[in-house]
Amino acid sequence: MSRFAGVLRRTFGIIREHVGTDHLGNKYYVIPEQKTWTGRMVRAKRLVVAANPTEYEYMEGNIPLEWDAWIRGRRKEPPSIEELMKNKLYREQIKLKAREVEERDLVLQAKEYEEGLVAAPSQTMAKGHAASTGFGKEQISEEPTSTANTFQPGSWMPNPKK
């Protein structure tokens with residue numbers, strides 16, 4: 001930084017340098033390391049001025065991952081436009097491949113169900129442990145139960161006399 005910029009910075013406050021802008025319109029700045037008027041060193045800072053400054057309108061993904069890594073100091077250099085485009089294309093390719101794998105898996109699963117190689121998932125739920133004496137026996141419940149179109153009212157049993 002020039003001596004003149006240093007004098008301006010100490011006199012008028014913070015001078016920030018524009019580093020880049022992303023495709024969403026967010027602007028990224030760096031405030032270089034500087035001395036205050038008292039002579040104390042203030043370390044460099046990175047900041048973003050959001051294109052959408054209201055907090056309640058912020059959504060996840062409003063800052064690209066590459067710029068987020070730069071802001072948080074996980075990378076030294078800000079991302080280039082070429083890098084951003086390459087990573088965007090890569091993420092789209094990964095999504096397409098994942099969708100293709102999921103479709104192939106569903107087709108294979110349906111084929112295995114038809115051929116009887118895999119049992120269809122059942123919707124029953126066993127209560128208790130198989131080693132217990134009451135496993136699999138119908139238990140009278142005080143709570144009413146409802147499954148789909150059937151309703152089974154709960155039953156009441158008197159307390160045994162002591």
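Values in this text are rule-based calculations from the coordinates and carry no lab data. As the structure is a prediction and not an experimental result, all values here were calculated from the model. Glycine also receives a Cβ, built like all others from the backbone with ideal geometry; neighbour counts cover every protein chain displayed.
Points worth noting:
- Cα-projected label distance for Leu117 with His18, points at 7 Å along beta-carbon direction, nm: 6.0
- Among the listed pairs Lys27/Lys76; Lys35/Lys88; Lys35/Lys86; Lys27/Lys88, those beyond 28 Å (Cα-Cα): Lys35/Lys88; Lys35/Lys86
- Counted charge near Met41, where neighbours are those whose Cβ lies closer than 11 Å (Asp, Glu -1; Lys, Arg +1): +2
- Using 0.36 nm per residue and subtracting the Cα-Cα separation, the extra length available between Gln109 and Thr38 on full extension is 18.4 nm.
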